[in-house]
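Structure record follows, encoded as structure tokens.
The values are calculated or read from the model by the stated rules, or taken from the named source; none is laboratory data. Note that the coordinates shown come from a computational prediction; the quantities given were computed from them, not determined experimentally. With ideal geometry, Cβ positions are generated from the backbone for all residues, glycine too; neighbour counts draw on all protein chains shown. These area figures cover heavy atoms from the full protein model, side chains too; ligands, DNA and RNA do not enter into them. Shrake-Rupley method; radii C 1.70, N 1.55, O 1.52, S 1.80 Å.
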Amino acid sequence: LVGNKVIDLIREYRTYSKAVDSYGPQFLKKYVSAVTGRIHSRINQIGAQTGRTSSDSPNIQNIPSDEEYRSCFMARSGYKMVTIDVAGCELRIITDMSGEPVWLAAFNNGWDVHSLGAAAVYPDRWKALADPDCEFYKSNKKCKCKGHKGKEKTQIKALNFGVIYGLSWKGYARDSGKNRTEAMNDLLMYRRWVSTLWAYLDNLSDKATWSHESRTTLGRRRIFMPPTTE
């Protein structure tokens, strides 16, 4: 039903309706402090099952990335709002754990791991999108090529972060809009690119299947209950 004017209007209405319900007057009424006039979200250091941080009251990490939303959050007079993040945190951790040589070389030399992935999975397309003075093809560093900021880069980012959380070809196809053959071909190229990482993830999965648990590098354990049979 894509392209049907009535259906498209309903989808658009639902999108805006959800935005108003989530971040409209009720959001302000519920979460803006009557004392300070500010939002005081609660940050949970290890609140998510994956071990990542989470937040609630409200979930400040789930604010849409569009500028029309983010620009509404401002520091009070005399203060600045600072965003601090470890670039590719999950990728760096899994690289250390798996010993993947491609990513070890990338992080040790300051190369752009996402561009490297795009060049490996879409070699001809990535080269065709490069400007004549592309910094990536000179030094493997992040470049400013307009063509290298499109869907190919976005899809590789989704793969780089997604596969370490169990992304399947079905999930990748759904998120990227590709058909089964295209999605599976991309994953095959990706697997060849980081074969050591892929083998390590397969081993972790197999181990968790029979042991019903997984552990962090510091020994924190997550238990998986085995399926019940009747």
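Rounded if a/c is under 1.5, else prolate if a/b is larger than b/c, else oblate: which is the stretch 126-173, with a ≥ b ≥ c the root eigenvalues of its Cα gyration tensor? Note, shape of the stretch 126-173 comes out prolate.
Largest GNM mean-square fluctuation among Ser17, Ser115, Ser139, using the chain with Cα springs under 10 Å: Ser17.
With the highest mean first, a sort of the peptides 132-138, 160-166 on other beta-carbon atoms found within 10 angstrom per residue produces 160-166, 132-138.
Give, as a single signed number, the net charge of other residues whose beta carbon lies under 15 Å from the beta carbon of Ser176, with Lys and Arg counted +1 and Asp and Glu -1.
On the way: positive: Arg125, Lys151, Lys153, Lys157, Lys170, Arg174, Lys178, Arg180; negative: Glu152, Asp175, Glu182, Asp186.
Local net charge: +4.
Largest GNM mean-square fluctuation across Met97, Met184, Met74, computed for the chain with C-alpha springs under 10 Å, falls on Met74.
In whole angstrom, note down how far apart the Cα centers of the stretch 48-94 and the stretch 135-202 are. Result: 24 Å between the Cα centres. Quick one: of Lys151/Lys178; Lys142/Lys178; Lys18/Lys146; Lys80/Lys153, which pairs are farther than 21 Å apart, Cα to Cα? The answer is Lys142/Lys178; Lys18/Lys146; Lys80/Lys153.
How much of the accessible area of the chain, probe 1.4 Å, is carbon plus sulfur, in whole percent? Result for the chain: 53 percent of the exposed heavy-atom area is carbon or sulfur.
Suppose a student asked you for the relative contact order of the chain, using Cα pairs under 8 Å spaced at least 6 residues apart; what percent would you report? Show your work: numbers first, answer last.
On the way: 165 pairs, mean separation 27.1, N = 230.
For the chain, the relative contact order is 12 percent.
In the stretch 5-82, taking the dipole from charged Cβ atoms about the Cα centre, the farthest positive-side position among Val20, Asn62, Met74 is held by Met74.
Please work out whether the stretch 1-107 counts as rounded, prolate or oblate from its C-alpha gyration tensor, where a ≥ b ≥ c are the square roots of the eigenvalues and a/c under 1.5 means rounded, while otherwise a/b larger than b/c means prolate and anything else oblate? Display every interim value, and only then the final one.
Working: a/c = 2.34, a/b = 1.27, b/c = 1.84.
Verdict is oblate for the stretch 1-107.
Over the stretch 112-210, the Kirkwood radius and the radius of gyration, each from Cα atoms, give a ratio Rg/Rh of 1.01.
Principal semi-axes of the equivalent ellipsoid, √(5λ) from the alpha carbon gyration tensor of the chain, are 33, 27, 23 Å from largest down.
For the stretch 16-146, calculate the relative contact order in percent as a whole number, restricting contacts to Cα pairs under 8 Å that are 6 or more residues apart. Please list the in-between numbers first.
Working: 83 pairs, mean separation 12.8, N = 131.
Computed value for the stretch 16-146: 10 percent relative contact order.
Based solely on its DSSP helices, what 222 nm [θ] is calculated for the chain when runs of n ≥ 4 H residues each add -39,500 (n - 2.57) and the sum is averaged over all residues, nearest 500 deg cm²/dmol? List each step's numbers first, then the result.
Numbers: 12 runs with 120 residues, N = 230.
Counting only the DSSP helices, I get -15500 deg cm²/dmol.
Taking the chain as a Gaussian network, Cα atoms linked when under 10 Å apart, which of Ala119, Ala48, Ala158 shows the biggest mean-square fluctuation? Greatest mean-square fluctuation among the candidates belongs to Ala48. Oblate is the label for the stretch 1-60, because the ratio a/c of its alpha-carbon gyration tensor axes (a ≥ b ≥ c) is 1.5 or higher and a/b is not greater than b/c. Farthest toward the positive end of the dipole of the stretch 71-230, out of Val86, Leu201, Trp103, is the Cα of Val86, where the dipole comes from beta carbon charges about the Cα centre.
What accessible area per residue comes out for the chain, rounded to a whole number of Å², with a 1.4 Å probe?
Details: 16710 Å² over 230 residues.
Each residue of the chain exposes 73 Å² on average to a 1.4 Å probe.
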